[in-house]
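Asks: Got a structure for you, questions after.
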Amino acid sequence: MKIIDAKGLVAGRLASKVAKELLMGETVSVVNVSDVVVSGTLAYEIKRLNSLKHQKSKTNPEHSPKYPRVPRMLFKRMVRGMLPKKTSRGRDALHRLRAYEGVPVTIDMGKAERPAGLDKKPVKATTLGAVCRAFSWAPQQ
């Protein structure tokens, strides 16, 4: 089981690295997901997610895409976009992913690793937690 500390890492690069590990059969736990860096200003990310949130299916609005407001679920959604989700291989890979907003007591941070090359922060950046707080997510204390 791999444990990745995501604090300060770029979201898309981390998601692609995690997706590759999952497809190789590894179980991956990602901690501190709310501190993942998303490129773009906070205003831009709010505008982008609002436009995605308002996409509706004309035939049946219940079949519209759903976008979560919780950082760990939003990160899982990012990883899901990089997996072949319609095959059993992709579904099994997604089931092996664990994401946490903080650090749970069951995880030993001594074994946590930070992949190299994923912390190149863009000039305009915000965190996933800040974006989710703008959509009325309140972190649990």
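The values are calculated or read from the model by the stated rules, or taken from the named source; none is laboratory data. The structure displayed is predicted, hence computed values, not measured ones. Methodologically, a virtual Cβ is constructed for each residue, glycine included, from the backbone with ideal geometry; neighbour enumeration extends over all protein chains shown.
Asks: Of everything in the range 94-115 that's under 15 Å from the mean Cα position of the chain (by Cα) and not in a loop (DSSP other than H, G, I, E, B), which residue is surrounded by the most Cβ atoms within 10 Å (Cβ to Cβ)?
Replies: Filtering first and then ranking leaves Ala99.
Asks: Something else: One residue is enough: does the range 20-34 have a residue meeting the conditions of a type in the set (D, E, K, R) and assigned to a loop (DSSP other than H, G, I, E, B)?
Replies: Within the range 20-34 (the criterion being of a type in the set (D, E, K, R) and assigned to a loop (DSSP other than H, G, I, E, B)), the answer is yes, since at least one residue qualifies.
Asks: Can you tell me which residue within the range 50-72, out of those that are assigned to a helix (DSSP H, G or I) and of a type in the set (S, T, N, Q), is nearest to Pro139 (Cα to Cα)?
Replies: Filtering first and then ranking leaves Asn50.
Asks: Please find, among Val37, Val33, the residue that is out of contact with any Phe, Trp or Tyr (no Cβ under 8 Å at 6 or more places or on another chain) and on the phi < 0 side of the Ramachandran plot.
Replies: Checking each option against the conditions leaves just Val37.
Asks: If you don't mind, there's one more thing I want to ask. Please pick out the residue among Lys17, Lys47 that is in contact (Cβ under 8 Å) with a residue 24 or more places away in the chain, assigned to a helix (DSSP H, G or I) and surrounded by fewer than 21 Cβ atoms within 10 Å (Cβ to Cβ).
Replies: Lys17
Asks: Something else about it: Quick one: what pairs do we get from the range 130-141, first residue in contact (Cβ under 8 Å) with a residue 12 or more places away in the chain and closer than 16 Å to Lys47 by Cβ, second basic (Lys, Arg) and not in a loop (DSSP other than H, G, I, E, B), C-beta under 9 Å, 6+ apart or different chains?
Replies: Listed by first residue and then by second, the contacts come to Phe135/Lys53.
Asks: OK, next. How do the pairs read when you match residues in the range 23-44 that are over 17 Å from Lys7 (Cα atoms) with residues anywhere that are at pLDDT 95 or above and in a strand (DSSP E or B), using Cβ under 9 Å and keeping only pairs 6 or more apart or on different chains?
Replies: Thr27/Leu97; Thr27/Arg98
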